[in-house]
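> I am attaching a structure below and will ask some questions about it afterwards.
The values are calculated or read from the model by the stated rules, or taken from the named source; none is laboratory data. Just so you know, these numbers come straight off a predicted model, no measurement behind them. Counting neighbours? That spans all protein chains shown, and the Cβs are built from the backbone with ideal geometry, glycine included. Protein only, heavy atoms only, side chains kept; ligands, DNA and RNA dropped before computing areas. Shrake-Rupley method; radii C 1.70, N 1.55, O 1.52, S 1.80 Å.
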Amino acid sequence: MEVAPPLNSVHCRLSERSLHLPSHVLISSSSKSRGFRISFPTNTDSLKSSFSGAGALGSLKHYCQRFSIPSTSSLSSDRSYQQYVVTVRNDHPQNADFPRTYSRKEKKPFKVPIVEMRRAARERLKKRKDQPRKPVSPPKNGLVVKSLIPLAYNVFNARITLINNLKTLLKVVPVHACGWCGEIHVGPVVHPFKSCKGPNSSMRKGHHEWTNATIEDILPLVEAYHLFDRLGKRISHDERFSIPRIPAVVELCIQAGVEIPDLPTKRRRKPIIRIGKKEFVDADESELPDPIPEAPIIPMLTELPDSQTLAPSDDEEKLLLAEETLQAWEKMRHGSKKLMRVYPVRVCGYCPEVHVGPTGHKAQNCGEHKHQQRNGQHGWQSAVLDDLIPPRYVWHVPNADGRPLQRELISFYGKAPVVVEICVQAGANVPEQYKPTMRLDVGIPLDVREAEMVV
């Protein structure tokens, strides 16, 4: 049994027998090029006849994404040959490494490195030199980007659909959560790995204490302050308890144009007037007619209580529900990523605090590593999608009805986001972007003895 290494490029090791080369074709390996070298006669007719149809090179082109043959010429004492160095690469990585988990003492990396940010700022200054100042475009001028309003409603409804469907799937798919740490396992039998890092984990020797998972365990609640005016003054430390906190995805949708009566926000109909770098005044809107309340562009869904969720009646209904849940998950993530390109989202580099707005708040409630030196202030930086919607990676169970996971074979198992793992165990197809970390092409040994024979 051979296990594919977690590399982005695959260099084929082919022999003359496996390639079914003709007798007049020579093959030799090259350690420098990390590929193999094939020598053909200079007669092109013989080359075409040897590799016509579904030949060796044609099959390599079929199975590999990149197939390059840089040619070099050489002469032999008996016969003239044309040499080729064939390198096979795959654009889609196999067995990709798991996402890195940072310790509480490490600061999160910047979305864009500091060097590149400074270089981009210098280029912008050069382009704007001796150029007239352009008008500020939405949403920096206080207006809403109208083209993104339908997308904001779709993201809001996708989140509600995801929550309602997960409540239903939890009745048929067993999901466990550790009572001491945030680890989750999907499957009828929990995993035996000693990976608990919660309180008193050393006394339990790293063993988990499993309980039934809830929707809050699967979708961690990332909250943010609700801003009545996204361009107004920053939230001070004394206002940290007087301003409501809502899910960060909901706040992003509200700033993008979603209207929720319980969460009012200021909607300007004229661009703001800048009087300084950080100072502005609102334009006079008295001559405009009073705004007429309009119905939502897309009907808004509501979250169902647990008492109204019923388990699927058969396997077909469960499969359709899993596919719909997976589509809602992808729609919410892709839509949020598009909204984050226009509406800035900040995250603390030391703690999971998220703020939706151009600048972070001033609440001094950061309690992570060395917060005393910062007086509890957050280290704001640009957020990525995983900061807004944590994927929560869990161990992938190849067969829920088969053998359970074994502690000695941990290096052969893959991981997937908990929502994806629940949908896959419910019968949904695995999306392409999650296959590298799930390691679906890795053969799992039956026992430790067989694992030791793997090369």
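> Trypsin sites (Lys or Arg not before Pro), restricted to the stretch 359-449: which are DSSP loop and have at most 16 other Cβ atoms within 10 Å?
Listed in order of number, the matching sites are Lys362, Lys370, Arg374.
> By the scheme Lys and Arg +1, Asp and Glu -1, what is the net charge of all other residues having a beta-carbon under 13 Å from that of Arg234?
Local net charge: +3.
> Starting at 0 and stepping by 10 Å, how many percent of the alpha carbon pairs of the stretch 170-324 end up in each bin?
Calculated P(r), rounded to whole percents: 8, 21, 24, 21, 14, 9, 2, 0.
> I need the GluC sites (Glu not before Pro) found in the stretch 215-268, filtered to DSSP loop residues with at most 11 other beta carbons within 10 Å of theirs.
Nothing satisfies the criteria.
> Less than 15 Å Cβ to Cβ from Trp329, Lys/Arg counted +1 and Asp/Glu -1: what total charge do the surrounding residues give?
0
> Please report the net charge: other residues with Cβ closer than 11 Å to the Cβ of His369, K and R +1, D and E -1.
Result for the neighbourhood of His369: +3.
> Now for a different question. With a 1.4 Å probe and all protein chains left in place, how much of the accessible area of the stretch 152-282 comes from carbon and sulfur atoms, in whole percent?
Reported share for carbon and sulfur atoms: 55 percent.
> Give the span of the stretch 369-451's Cα atoms along each principal axis, as three whole-Å numbers ordered largest to smallest.
Sorted largest first, the three principal extents are 54, 31, 19 Å.
> Relative contact order for the stretch 326-445 using alpha-carbon pairs under 8 Å, separation at least 6, rounded to a whole percent?
About 21 percent, as a whole number.
> Averaged per residue, what accessible surface does the stretch 255-366 expose to a 1.4 Å probe, in Å²?
63 Å²
> Turning to a different aspect of this structure: For Lys126, go through the lysines and keep the ones whose alpha-carbon is under 20 Å away, minus same-chain ones fewer than eight residues off.
Answer for Lys126, where 20 Å is the Cα cut-off: Lys134, Lys277, listed by chain and number.
> Which of the residue pairs Lys107/Lys362; Lys108/Lys415; Lys105/Lys233; Lys194/Lys370; Lys107/Lys415 have a Cα-Cα distance greater than 27 Å in the structure shown?
Cα-Cα > 27 Å for Lys105/Lys233; Lys194/Lys370; rest within.
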